[in-house]
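One structure is given below, encoded as structure tokens.
The values are calculated or read from the model by the stated rules, or taken from the named source; none is laboratory data. Every value quoted in this text rests on a predicted model; they were computed, and no experiment measured them. Neighbour counts are summed over all protein chains in view; Cβ atoms, including those assigned to glycine, are modelled from backbone coordinates with ideal geometry.
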């Protein structure tokens with residue numbers, strides 16, 4: 001885990017809000033799948049990327065959750081304090097926007113899980129002629145690389161490249177987009193030349209990341225607000241496993257996801273109640289989709305060809 005999370009009481013939250021009120025020079029309310037999440041910070045870079053990343057929410061709407069992004073030299077770097085009662089998080093000495101946006105999505109997910117039976121999936125979600133395909137896996141297995149590789153095909157449309165929300169409707173799982181724009185790495189064009197123009201127009205931070213409008217590269221009509229899930233592709237990189245691809249039974253796939261905390265390191269609450277909610281949802285997802293395990297230990301080209309065949313298979 002790149003940062004540590006401590007749960008705090010609402011009394012402690014009040015003390016911290018008072019202590020850091022002078023740093024809340026910017027207050028921005030954003031719509032994250034129907035939740036109004038408010039950013040409070042004095043960091044203009046965080047504020048600007050946030051506004052590029054998320055949909056605007058009216059300032060007159062009361063927030064469902066709050067994210068303070070502040071600095072305090074007396075506190076260790078990359079520390080998060082979270083009050084689950086008021087849905088308020090304090091991000092201490094965190095300058096990586098990727099964690100800020102992920103914690104905002106997790107905060108919204110905390111609200112949506114409890115009250116609306118809407119669940120977070122830390123995965124990419126694509127649409128192929130009305131059929132949704134998600135790619136999930138741990139860090140370094142190629143999730144982002146293969147997502148953008150698939151988007152080179154005109155038949156592919158994207159709901160999300162990193163995080164989406166999902167609901168169970170009878171026999172279907174519907175997946176919904178979570179962000180207005182996309183957060184890319186500077187080396188994207190080194191992998192897929194088709195995105196060179198997008199990279200050239202982007203403004204990257206000192207960590208080589210940028211929030212971009214993917215419509216510049218693939219067109220407005222290929223950004224989808226939702227899709228119906230049909231396939232789940234779990235990526236892993238295991239040199240000891242000689243099998244490159246296999247179809248998984250829902251029960252075995254669920255064990256794999258549970259053992260890896262659903263491949264989501266940003267979940268704020270991990271108590272028994274939350275675990276039961278998540279298990280019920282992911283069990284439904286795996287039972288309602290065809291599940292594949294792809295070992296990306298081979299060359300990127302070899303792995304991508306396998307993933308592409310699965311995604312485009314009717």
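Taking the criterion of being within 18 Å of residue 142 (Cβ to Cβ) and either surrounded by fewer than 12 Cβ atoms within 10 Å (Cβ to Cβ) or over 22 Å from the mean Cα position of the chain (by Cα) (or both), the residues of region 191-209 that qualify are 193, 194, 208.
Have a look at 247, 252 and point out the one that is part of a strand (DSSP E or B) and either touching a helix residue (DSSP H, G or I) at 6+ places or on another chain (Cβ under 8 Å) or at negative phi (or both).
Testing whether each residue is part of a strand (DSSP E or B) and either touching a helix residue (DSSP H, G or I) at 6+ places or on another chain (Cβ under 8 Å) or at negative phi (or both) leaves just 247.
Condition test on residue 286, is it at pLDDT 95 or above, part of a loop (DSSP other than H, G, I, E, B) and touching a strand residue (DSSP E or B) at 6+ places or on another chain (Cβ under 9 Å)? No. Taking the criterion of being part of a strand (DSSP E or B) and either under 19 Å from the mean Cα position of the chain (by Cα) or not assigned by TED's automatic domain parsing to the domain that holds residue 263 (or both), the residues of region 169-190 that qualify are 173, 174, 175, 176, 182, 183, 184, 185. The condition of being assigned by TED's automatic domain parsing to the domain that holds residue 163, at pLDDT below 95 and surrounded by fewer than 20 Cβ atoms within 10 Å (Cβ to Cβ) holds for only one of 274, 270, 279, that being 270. Across region 213-222, not a single residue is classified as within 19 Å of the chain's Cα centre (by Cα) and crowded, with 22+ Cβ neighbours inside 10 Å.
One line per residue, one yes/no per condition, for (1) touching a helix residue (DSSP H, G or I) at 6+ places or on another chain (Cβ under 6 Å); (2) exposed (fewer than 13 other Cβ atoms within 10 Å of the Cβ); (3) more than 20 Å from residue 73 (Cα to Cα):
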position	(1), (2), (3)
6	no, yes, no
12	no, no, no
16	no, no, no
26	yes, no, yes
34	no, no, yes
39	yes, no, yes
42	yes, no, no
